[in-house]
Amino acid sequence: MTKDFAYFKRKVKLAFNKRQYLRTLEILSYAHILLENLNEKEALYFNMLGTLADMASEYEDEARALFEYYQVIHNNKNNQEAEKIILEMIENFDRNLYTLNLAIWSLQEAEIDRNDGILYEDFEIHSARVGFKEAFEDLMFSSKIIFTNKNEFLFFVRNLVKFGFEDIAINYFENAGNLLFYDKAFMRLYQKILQNKKV
């Protein structure tokens, strides 16, 4: 390990630990300009930390958990590929997130005859007038509810459970497909419903 690499490694790790993710990326960009002839492991370390800092801007808890895991497996002297393992885990996280977004998009873009469906925002207006339980019972057999984002779906399913429609809530989850279970909020809610708890 060169002296210059060790200096940048300390600086970048300190910035990341202080939750200064933009600063982390800034230091890494200087390091890439100033340091020549990095070996593969050094280059992988910088690549990993840059990817984690970028990830932390939206998914801080997950990025920090991966960095902590890196430190554990890196300290195992038999593990020469800790950086590669973390980069692969980030790639899997991104792939799962992409899959979840596709599932939500397919819910949004599903070709539903408007005569058979009602937008969730319209359902909310009706619900505000007559109450959730009555609004849902009015539409239960005659209309489909069309969700345009994840939060609408989660809020609706929580209300189903709150008003005693647990079986229907489980049906909504199962009809949405397995792709939704990559999302922690969906998974937590689904588990609570299965345990028959109020959300």
| query | Does the range 79-86 include one or more residues that are part of a helix (DSSP H, G or I), at pLDDT 85 or above and open to solvent by 90 Å² or more (accessible area, probe 1.4 Å)? | reply | no
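Residue-wise test of (1) at pLDDT 80 or above; (2) within 20 Å of residue 173 (Cβ to Cβ); (3) open to solvent by less than 70 Å² (accessible area, probe 1.4 Å).
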position	(1), (2), (3)
114	no, no, no
125	yes, no, no
129	yes, no, no
135	yes, no, yes
149	no, yes, yes
| remark: The residue that is modelled with the lowest pLDDT, considering only those in the range 93-112 that are open to solvent by 60 Å² or more (accessible area, probe 1.4 Å) and hydrophobic (A, V, I, L, M, F, W, C), is 107
| note | Cβ pairs under 7 Å, 6+ apart or interchain, first in the range 5-20 and more than 16 Å from residue 68 (Cα to Cα) and at pLDDT 90 or above, second assigned to a helix (DSSP H, G or I) and open to solvent by less than 80 Å² (accessible area, probe 1.4 Å), ordered by first then second residue, are 11/27
| message | Looking for something surrounded by fewer than 16 Cβ atoms within 10 Å (Cβ to Cβ), closer than 20 Å to residue 93 by Cβ, free of Cβ contacts under 8 Å to residues at least 12 places away in the same chain and among the small types (Gly, Ala, Ser) - is there at least one such residue anywhere in the range 57-77? | response | yes
| task | Tell me, yes or no, whether the range 4-24 has at least one residue that is surrounded by fewer than 17 Cβ atoms within 10 Å (Cβ to Cβ), of a type outside the set (Lys, Arg) and within 18 Å of residue 82 (Cα to Cα). | result | yes
| Among all residue pairs at least 6 apart or on different chains, which show Cβ distances below 6 Å where the first residue, located in the range 125-139, is among the charged types (D, E, K, R) and the second is assigned to a helix (DSSP H, G or I)? | none
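The values are calculated or read from the model by the stated rules, or taken from the named source; none is laboratory data. What you are looking at is a predicted structure, and each value in this text was computed from that prediction instead of being measured. Cβ coordinates were reconstructed from backbone atoms using ideal geometry, including for glycine residues, and neighbour counts include every protein chain displayed. These accessible areas exclude ligands, DNA and RNA; they are computed on the full protein's heavy atoms, side chains included. Shrake-Rupley method; radii C 1.70, N 1.55, O 1.52, S 1.80 Å.
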